Amino acid sequence: MIQWVNVASTSELLAETRKVVLTDIGPVAVFNLDDHYYAIKDACTHDGGELASGKLDGDQIVCPRHGSRFCIRTGEVLSPPAYEDVEAFPTRIVNRIVQVGIDL
């Protein structure tokens with residue numbers, strides 16, 4: 001069952017910004033890339049470190065600890081030392097509020 005979590009208003013999460021929200025499954029990083037919203041679990045699959053503070057390079061987030069890259073659109077791992085994808089979540093806009101769908 002999907003639970004929709006309110007993240008921020010669209011006016012708060014401006015283009016090229018990100019926000020971390022605490023959910024029932026842990027921290028989730030939400031990104032606004034070209035006015036499209038994407039959400040991934042904020043934990044590198046290599047060692048569990050947070051991802052959100054890493055450099056954003058186009059649609060890729062670079063892990064600040066060891067440099068693994070992940071696609072923020074899909075969660076796909078793009079470079080080692082991580083070899084597993086990070087979980088990605090659906091997003092939607094309801095009454096100008098960005099929401100993330102968490103499967104509980």
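Every read-out reported here was derived from the displayed coordinates using simple, explicitly stated rules and does not represent laboratory data. Keep in mind that this is a model prediction, so the values were computed, not measured. Every residue, glycine as well, gets a Cβ built from its backbone with ideal geometry; the counts of neighbours run over all protein chains shown.
Can you find even one residue in region 59-81 that is more than 15 Å from the chain's Cα centre (by Cα), crowded, with 17+ Cβ neighbours inside 10 Å, over 21 Å from T17 (Cβ atoms) and not acidic (D, E)? Scanning region 59-81, I find no residue that is more than 15 Å from the chain's Cα centre (by Cα), crowded, with 17+ Cβ neighbours inside 10 Å, over 21 Å from T17 (Cβ atoms) and not acidic (D, E), so the answer is no.
Keeping to region 68-85, report how many residues are charged (D, E, K, R), outside any strand (DSSP E or B) and free of Cβ contacts under 8 Å to residues at least 24 places away in the same chain.
Number satisfying all stated conditions: 1.
A Cβ distance below 6 Å, combined with a sequence gap of six or more or placement on separate chains, defines the contacts here; from region 1-30, residues that are farther than 20 Å from T74 by Cβ reach residues that are loosely packed, with under 11 Cβ neighbours inside 10 Å and of a type outside the set (D, E, K, R) in the pairs M1/L104; Q3/L104. For region 37-67, a residue qualifies if it is under 25 Å from V5 (Cβ atoms) and free of Cβ contacts under 8 Å to residues at least 12 places away in the same chain, and the qualifying residues are G48, S53, G54.
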